[in-house]
Every structure is written in C-alpha cells, then in structure tokens.
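Please read the structure below before turning to the comments.
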Amino acid sequence: MSYIARILPMAEDAAQKNHMDRIKNVTLEVGAMTGAMPELLQECYKEAILGTLLEGSELTIIPVDIMAACEDCGCTYAPSKENDYRCPKCHSLKSHIIAGRDVVIKSISDH
Ligand SMILES: [Zn+2]
C-alpha cells in the first residue's frame, strides 16, 4: 500500500498541472528491488483511486530489473549471484544501483 499511497498524490499533481480532468491510464515502473508485487499493487490501486481524480483509470506496471553502474570502469550491469555482485568487466565491487530500486511514474494519460 505504501508505494501506491506515495504515488497517488504525485499522479494527481501531474494530472492537475497538465489540465487533465480525467485519467485513463497510469504507467508505473516498478523496480525488482522494491519487492512490490504487481498483483498487490493493482489491488491497492483499485481501492486507493476511489473518489480521486484517478478513479476508473487503469494501472500499467513495467517491471524494471536491478542495474548497477561500476564506479571503476563505468560499465553498467545486472548484479547477481552469478557474477558475485561484481562488475563483469573489471571485477570491482565498487558500484551503485542505478535502476530497479524504486517505484516511479513513467506516464499518465487521459486517452
Ligand atoms: Zn567495472
């Protein structure tokens, strides 16, 4: 519920700024690291939008894999048990996560 609760005001805000009075679709990017289950998000969404600007809209979920950027050679890779969470090019452990750790609004649409 917490992801939806955080996303809804942002989506409403964006809709108002774009002068949309009715929203048909909200597309979310959901990172693998969040542990958020698409089915649960859908259920929460349906209840949470009742009585809001977003009532009746569809939720589209785009799963996003975890990606890391190596701080030594700059390459990006998917950290996993197979590569021991190290950069596959230079084997550095110094990296930061650049995708897959959050739920973000990709787009909202009124048609
Ligand atoms: Zn590297």
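FYI, it's all coordinate maths here, none of it is from the lab. What you are looking at is a predicted structure, and each value in this text was computed from that prediction instead of being measured. Glycine also receives a Cβ, built like all others from the backbone with ideal geometry; neighbour counts cover every protein chain displayed.
When the chain is modelled as a GNM with alpha-carbon springs shorter than 10 Å, which of L40, L28, L53 fluctuates the most?
L40
Tell me which chymotrypsin sites (Phe, Trp or Tyr not before Pro) from segment 3-98 have a DSSP coil assignment and no more than 16 other beta carbons within 10 Å of their own.
Here the sparse-neighbourhood loop sites are Y85.
Compute the angle between helix 2-17 and the longest alpha-carbon principal axis of the chain, please, reported from 0 to 90 degrees and rounded to the nearest 10.
So the helix axis and the longest Cα principal axis differ by about 60 degrees.
To make sure I understand the rule: partners must be lysines, Cα under 27 Å from the Cα of K94, and not fewer than 8 residues away in the same chain. Which ones qualify?
K81
Would you calculate, for the chain, the mean residue ellipticity at 222 nm contributed by helices, counting each DSSP H stretch of 4 or more residues as -39,500 (n - 2.57) and dividing by all residues, to the nearest 500?
My calculation for the chain gives -8000 deg cm²/dmol from helical runs alone.
Full-extension gain between C75 and D13, please, as 0.36 nm times their residue separation minus the C-alpha to C-alpha distance.
Using 0.36 nm per residue and subtracting the Cα-Cα distance, I get 18.7 nm.
List the lysines whose Cα lies under 19 Å from the Cα of K106, skipping any in the same chain that are fewer than 8 positions away.
By straight Cα distance, K106 reaches K17, K24, K46.
What is the calculated FRET efficiency for R22 to Q42, with r their C-beta to C-beta distance and R₀ = 22 Å, to the nearest 0.05?
It comes out at approximately 0.65.
Can you give the FRET efficiency for T52 and A32, using 1/(1 + (r/R0)^6), R0 = 25 Å, r = Cβ-Cβ distance, to the nearest 0.05?
It comes out at approximately 0.35.
What are the trypsin sites (Lys or Arg not before Pro) within segment 41-111 that DSSP puts in a loop, where the Cβ has at most 10 other Cβ atoms within 10 Å?
When the trypsin sites (Lys or Arg not before Pro) of segment 41-111 are filtered for loop state and at most 10 Cβ neighbours within 10 Å, K81 remain.
Of all DSSP beta bridges in the chain, what percent run antiparallel (nearest 5)?
Bridges in the chain are about 65 percent antiparallel.
Does the chain come out rounded, prolate or oblate, given a ≥ b ≥ c as the square roots of the eigenvalues of its C-alpha gyration tensor, rounded meaning a/c under 1.5 and, failing that, prolate meaning a/b above b/c?
Because a/c hits 1.5 or more and a/b exceeds b/c, the chain counts as prolate.
State which stretch of the chain is the longest one without any exposed GluC sites (Glu not before Pro), exposure meaning a DSSP loop state and at most 13 other Cβ atoms within 10 Å.
That would be 1-54.
Nearest 10 degrees is fine. How inclined is helix 38-48 to the longest principal axis of the chain, computing both from alpha carbons?
Once rounded, the angle reads 30 degrees.
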